[in-house]
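Novice: Provided herewith is a single structure, encoded as structure tokens, for subsequent inquiry.
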Amino acid sequence: MSATILDGRALSATIRGELRTEVERFREKQGYAPGLVIVRVGGDAASGVYTRAILRIAGEIGVQARVEELPALTSADELRALLLQLNEDQRTHGIIVQMPLPAHLSQKMVADTVTPAKDIDGISPGSAGNLFLGLPSFLPSTAAAVVEILDRHHITLAGKRVVILGRSNVVGKPLALMLLQRHATVSVCHSRTRDLTTLTRQADVLIAAVGRPRLVTAEMVRPGAVVIDVGINTLPGGGIVGDVDFEAVREVASAITPTPGGVGPLTNVMLLKQCVRAAWLASGHSEEPLGLSASQA
Ligand code: NAD
């Protein structure tokens, strides 16, 4: 058997098209575009690449995005003041603060300061709490991207056994909660998990978010399982691979995401989808215009 390839690039193009239409509808109704502000402190090179990718998608779908570039020596008070100002700004619907921050600035301060109404990457304790309670919430975009791939390919989760490798706050943990809401039976494995293969071989859906090149081998996968690879690893000699040994595992799995071209292309799209949703909610639309409610119970 050779697995169906779950093509993240194609899905990303589809959703960008949907968002373009949605943003146009918003503009017609409100007279202005949804607004996004990306805050960068200190000009980290990797976050520059990430910022340009977000700006490109924002431009394509019609979201008004701008970057607030702050010098590396910006104080915590100055950063906090900017975030408070953006919280109040009526034309800013989503705020993202690029990581990593310079060492003297705390990620916790940022998460505590950005208002949950504009926290479109779901980093704040308020967003995490809402997700935990099954209330509508903004979701960490990578975890949201994984669920979007499963939903759009009609991969049912109710009653299925899902095994997640990785327990980070941005991927593994929120994903576990989102999949529980879809009635899956979820196991979360991590660096201290013993006998990983016994667990992974039980998975109907196996999700790898570890950051170790080709950690998941064909022997670790139950024949017919769906395999989602979140990992992005740069090899010493160049080239990018996921956490899954794609060529071997595709012969065992029923469906699999490639790397690159799987989860990655959807992450920023999900961020912008949540920005558009934030704009609708801020304009008084209490319904879930884009169907992003966290609660599926
Ligand atoms: P992280 O370093 O915060 O967490 C890694 C997790 O893997 C930890 O919970 C750790 O306990 C677990 N782990 C380590 N070794 C393990 C092992 N042998 N078996 C099982 N679990 C093990 O990483 P993260 O931020 O969650 O990212 C994970 C991967 O996903 C990275 O490769 C990252 O580049 C990638 N990523 C991709 C996107 C995207 O857009 N596609 C976004 C975020 C992260």
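The values are calculated or read from the model by the stated rules, or taken from the named source; none is laboratory data. Computed from a prediction, not measured in an experiment: that's the story for all the values here. Glycine gets a Cβ as well: all are built from the backbone with ideal geometry, and neighbour counts include every protein chain shown. Side chains included, ligands, DNA and RNA excluded: accessible areas come from the protein's heavy atoms. Shrake-Rupley method; radii C 1.70, N 1.55, O 1.52, S 1.80 Å.
Novice: Only residues in segment 258-269 that are open to solvent by 30 Å² or more (accessible area, probe 1.4 Å) count as the first member; pair them with residues that are assigned to a helix (DSSP H, G or I) and of a type in the set (Phe, Trp, Tyr), Cβ under 8 angstrom, at least 6 apart or cross-chain, and list the lot.
Specialist: THR259/PHE246
Novice: Within segment 117-128, is even one residue open to solvent by less than 50 Å² (accessible area, probe 1.4 Å), at negative phi and polar (S, T, N, Q)?
Specialist: So far as segment 117-128 goes, yes, one or more of its residues are open to solvent by less than 50 Å² (accessible area, probe 1.4 Å), at negative phi and polar (S, T, N, Q).
Novice: Could you please let me know if GLN274 is away from the ligand (no atom under 14 Å from the Cβ), polar (S, T, N, Q) and not assigned by TED's automatic domain parsing to the domain that holds GLY94?
Specialist: Answer is no for this residue.
Novice: Now for a different question. Filter segment 200-216 for residues that are more than 10 Å from the ligand (Cβ to nearest atom) and in a loop (DSSP other than H, G, I, E, B) and give the result.
Specialist: ARG201, GLN202, ALA203, ASP204, ARG214
Novice: With loosely packed, with under 15 Cβ neighbours inside 10 Å, more than 9 Å from the ligand (Cβ to nearest atom) and assigned to a helix (DSSP H, G or I) as the only criterion, which of THR197, THR156 stands out?
Specialist: After applying the criteria, what remains is THR197.
Novice: Report, by residue number, each residue of segment 217-234 that is more than 14 Å from the ligand (Cβ to nearest atom) and either open to solvent by 70 Å² or more (accessible area, probe 1.4 Å) or of a type in the set (Ser, Thr, Tyr) (or both).
Specialist: Selection gives GLU219, ARG222, PRO223.
Novice: In the set THR234, THR193, THR197, which member is under 25 Å from VAL269 (Cα atoms), more than 19 Å from the chain's Cα centre (by Cα) and hydroxyl-bearing (Ser, Thr, Tyr)?
Specialist: None of the others qualify; the one that does is THR234.
Novice: Now for a different question. Could you tell me which of the residues PRO136, PRO100 is open to solvent by 50 Å² or more (accessible area, probe 1.4 Å), within 16 Å of the ligand (Cβ to nearest atom) and touching a residue at least 40 places away in the same chain (Cβ under 8 Å)?
Specialist: Going through PRO136, PRO100 in turn, the sole match is PRO100.
Yes or no, residue by residue, for (1) outside the structural domain of VAL146 (by TED's automatic domain parsing); (2) under 22 Å from the mean Cα position of the chain (by Cα); (3) closer than 30 Å to VAL249 by Cα; (4) buried (at least 16 other Cβ atoms within 10 Å of the Cβ):
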| position | (1), (2), (3), (4) |
| --- | --- |
| THR4 | yes, no, yes, no |
| GLY8 | yes, yes, yes, yes |
| THR51 | yes, yes, no, yes |
| ALA65 | yes, yes, no, yes |
| HIS93 | yes, yes, no, yes |
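Novice: Can LEU82 be described as in a helix (DSSP H, G or I) and modelled with pLDDT of 95 or more?
Specialist: yes
Novice: Say whether the condition of being open to solvent by 40 Å² or more (accessible area, probe 1.4 Å), free of Cβ contacts under 8 Å to residues at least 12 places away in the same chain and near the ligand (Cβ under 10 Å from one of its atoms) is met by at least one residue in segment 169-191.
Specialist: Within segment 169-191, one or more residues are open to solvent by 40 Å² or more (accessible area, probe 1.4 Å), free of Cβ contacts under 8 Å to residues at least 12 places away in the same chain and near the ligand (Cβ under 10 Å from one of its atoms).
Novice: Kindly indicate which of ILE155, ILE164 is touching a Cys at 6+ places or on another chain (Cβ under 9 Å) and at pLDDT 95 or above.
Specialist: ILE164
Novice: Name the pairs whose Cβ atoms lie under 8 Å apart, with the first residue in segment 57-78 and of a type in the set (Asp, Glu), the second assigned to a strand (DSSP E or B), and 6 or more positions between them or separate chains?
Specialist: Correct list of pairs: GLU68/VAL37; GLU68/ILE38; GLU68/VAL39; GLU68/ARG40; GLU69/ARG40; GLU78/LEU70.
Let's see how each residue does on (1) outside any helix (DSSP H, G or I); (2) buried (at least 21 other Cβ atoms within 10 Å of the Cβ); (3) small (Gly, Ala, Ser):
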{"site": "ARG16", "(1), (2), (3)": "no, no, no"}
{"site": "THR21", "(1), (2), (3)": "no, no, no"}
{"site": "TYR32", "(1), (2), (3)": "yes, no, no"}
{"site": "LEU36", "(1), (2), (3)": "yes, yes, no"}
{"site": "ARG40", "(1), (2), (3)": "yes, no, no"}
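Novice: Further question: Could you please find all residues in segment 217-239 being touching a residue at least 12 places away in the same chain (Cβ under 8 Å) and assigned to a loop (DSSP other than H, G, I, E, B)?
Specialist: Residues satisfying the conditions are THR217, VAL221, ARG222, PRO223, GLY224, ALA225, VAL230, GLY231, ILE232, LEU235.
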